[in-house]
Amino acid sequence: MINKSLLLTYLYLLIYILLSSGVILYNKWVLSPKYFNFPFPITLTMIHMGFSGAVAFCLIRVFKVVSPVKMTFEIYATCVIPISAFFASSLWFGNTAYLHISVAFIQMLKALMPVATFVMAVLCGTDKLRCDVFLNMLLVSVGVVISSYGEIHFNVVGTVYQVTGIFAEALRLVLTQVLLQKKGLTLNPITSLYYIAPCSFVFLFVPWYLLEKPVMEVSQIQFNFWIFFSNALCALALNFSIFLVIGRTGAVTIRVAGVLKDWILIALSTVVFPESTITGLNIIGYAIALCGVVMYNYLKVKDVRASQLPSDSIPERITKDWKLEKKSSDIYEPGNSNDNGGGNGQQSDYNIDEEAPLISSSRLSHIGRTQLSSQSP
């Protein structure tokens, strides 16, 4: 019998991969002078932010799908504004990179995201400098350097734009954790766009006025409403799909899905854009970088799970659980949602929130069920 919950989870993952790949290829096609020829990345990003903000406003203020959170001026000034600034910067630099380098090479450079996030987390004091993580980050960096060396159409300007966008996105992620979580503020996908998209639009207006507006006034610009509307709609759908996947599975699963998406996107980009050329050195370097990324994700999951375990050692916990089972008359039923941790009539304290299991509960061992009893597949 097919597990409907598991099937739905994989459906969300498939939608995320398709939307993410589609938006990247669509943006490249719109911005590239060889295709739609709209070489104005700031303008395109402003269209995305304006459209997302308008949709979020209608959903909250007009249709009242969700209620706005309690937002004070102090929280808005110290949290929303800096997060929006770096969000706008990451989108601006990332989209500008499409003008100079290929989609395949951009995806290879994105392997630097764990490195950038780790560096920013250490600088902001949310993470500690560890030898094992540092070695993983070094491995990722070496892989990216090898991949860059093998890039036929290497462009310094495009590479700098993309790497700058990666570090801006990493700083946004760290600031979101530091600022919003300390304030106890939780934003769902709609409220996030409601507060952040308009502010990001304002931040983008200044560079647009200085860099793109003068050029747009003297050049012949083709503006197709349906092209830009569908492009903005895909970007909005991607934002929602990311939150759906994280809510359904966890941050680790979306990282793994992101790696799979990158491989698919690299292959698709060579078909959609024939000028993109992948060399053997590209693949070797990217494979080395991915090894570092996978090891880094493994260490992060291991750290989270270790922080959830009680002070007792593993053998002591197994012994205690066995004794409690011997004393208990409760019988475990796979479909019973009121499963007790160890069968002692107490609700389990082993709540792990970083990942939901992607296998049915009947296949989990008793110890595994005890640790994951607070989550349903």
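State which residue pairs qualify: first residue within 15 Å of Ile42 (Cα to Cα) and assigned to a loop (DSSP other than H, G, I, E, B) and inside the stretch 152-169, second residue among the polar types (S, T, N, Q) and at pLDDT below 95 in any location, beta carbons under 8 Å apart, and separation of 6 or more residues or different chains.
Matching pairs, first to second residue: none at all.
Select from the stretch 192-206 the residues that are open to solvent by less than 20 Å² (accessible area, probe 1.4 Å) and more than 21 Å from the chain's Cα centre (by Cα) and list them in ascending order.
Hit for the stretch 192-206 is Leu204, nothing else.
So which pairs qualify, if the first residue must be in the stretch 129-142 and more than 17 Å from Leu109 (Cβ to Cβ), the second must be open to solvent by 60 Å² or more (accessible area, probe 1.4 Å), the Cβ gap must be under 6 Å, and the two must be at least 6 apart or on different chains?
Asn136/Met295
For Pro189, state whether it is open to solvent by 50 Å² or more (accessible area, probe 1.4 Å) and modelled with pLDDT of 80 or more. Reasoning before the result, please.
Details: open to solvent by 50 Å² or more (accessible area, probe 1.4 Å): no; modelled with pLDDT of 80 or more: yes.
No; evaluated as a whole, the condition is false for this residue.
Go through the stretch 128-138 and report how many residues are touching a helix residue (DSSP H, G or I) at 6+ places or on another chain (Cβ under 9 Å) and surrounded by fewer than 18 Cβ atoms within 10 Å (Cβ to Cβ).
So the count comes out to 7.
For the stretch 208-219, does any single residue satisfy the condition of being modelled with pLDDT under 85 and among the basic types (Lys, Arg)?
no
For the stretch 203-243, give me each residue that is in a loop (DSSP other than H, G, I, E, B) and either of a type in the set (S, T, N, Q) or in contact with a Leu (Cβ under 9 Å, 6 or more places away or on another chain) (or both).
Ser219, Gln220, Gln222, Asn224
Which one of Ala121, Ala77, Ala97, Ala111 is crowded, with 23+ Cβ neighbours inside 10 Å, closer than 21 Å to Arg172 by Cα, at pLDDT below 95 and among the small types (Gly, Ala, Ser)? Walk me through how you get there before you give the answer.
On the way: Ala121 fails: crowded, with 23+ Cβ neighbours inside 10 Å; Ala77 fails: crowded, with 23+ Cβ neighbours inside 10 Å; Ala97 fails: at pLDDT below 95.
The conditions single out Ala111.
For the stretch 83-150, which helices (runs of 4 or more DSSP H) that fit wholly inside it have 1 or more residues that are in contact with a Leu (Cβ under 6 Å, 6 or more places away or on another chain) and either among the β-branched types (Val, Ile, Thr) or closer than 22 Å to Leu299 by Cα (or both)?
Fully inside the stretch 83-150 and qualifying: 113-124, 131-149.
With Asn37, Asn95 as the choices, which residue is in contact with a Pro (Cβ under 8 Å, 6 or more places away or on another chain) and of a type outside the set (Asp, Glu)?
Going through Asn37, Asn95 in turn, the sole match is Asn95.
So, of the residues in the stretch 170-186 that are part of a helix (DSSP H, G or I) and touching a residue at least 60 places away in the same chain (Cβ under 8 Å), which turns out to be surrounded by the most Cβ atoms within 10 Å (Cβ to Cβ)?
Leu171
Residues checked against (1) surrounded by fewer than 18 Cβ atoms within 10 Å (Cβ to Cβ); (2) under 23 Å from the mean Cα position of the chain (by Cα); (3) at pLDDT below 95:
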position: Met1; (1), (2), (3): yes, no, yes
position: Ser5; (1), (2), (3): yes, yes, yes
position: Tyr16; (1), (2), (3): no, yes, yes
position: Asn27; (1), (2), (3): no, yes, no
position: Phe36; (1), (2), (3): yes, no, yes
position: Pro41; (1), (2), (3): no, yes, no
position: Met49; (1), (2), (3): no, yes, no
position: Lys64; (1), (2), (3): yes, no, yes
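Going by the conditions given, is Gly280 surrounded by 15 or more Cβ atoms within 10 Å (Cβ to Cβ), over 30 Å from Val55 (Cβ atoms) and modelled with pLDDT of 85 or more?
Values: surrounded by 15 or more Cβ atoms within 10 Å (Cβ to Cβ): no; over 30 Å from Val55 (Cβ atoms): yes; modelled with pLDDT of 85 or more: yes.
No, not satisfied.
The values are calculated or read from the model by the stated rules, or taken from the named source; none is laboratory data. The model shown is predicted, which means the values in this text are computed figures rather than measured ones. In this analysis, Cβ positions are derived from the backbone assuming ideal geometry, glycine residues included, and neighbour counts consider all displayed protein chains. Accessible surface is based on the protein model in full, side chains and every heavy atom, while ligands, DNA and RNA are left aside. Shrake-Rupley method; radii C 1.70, N 1.55, O 1.52, S 1.80 Å.
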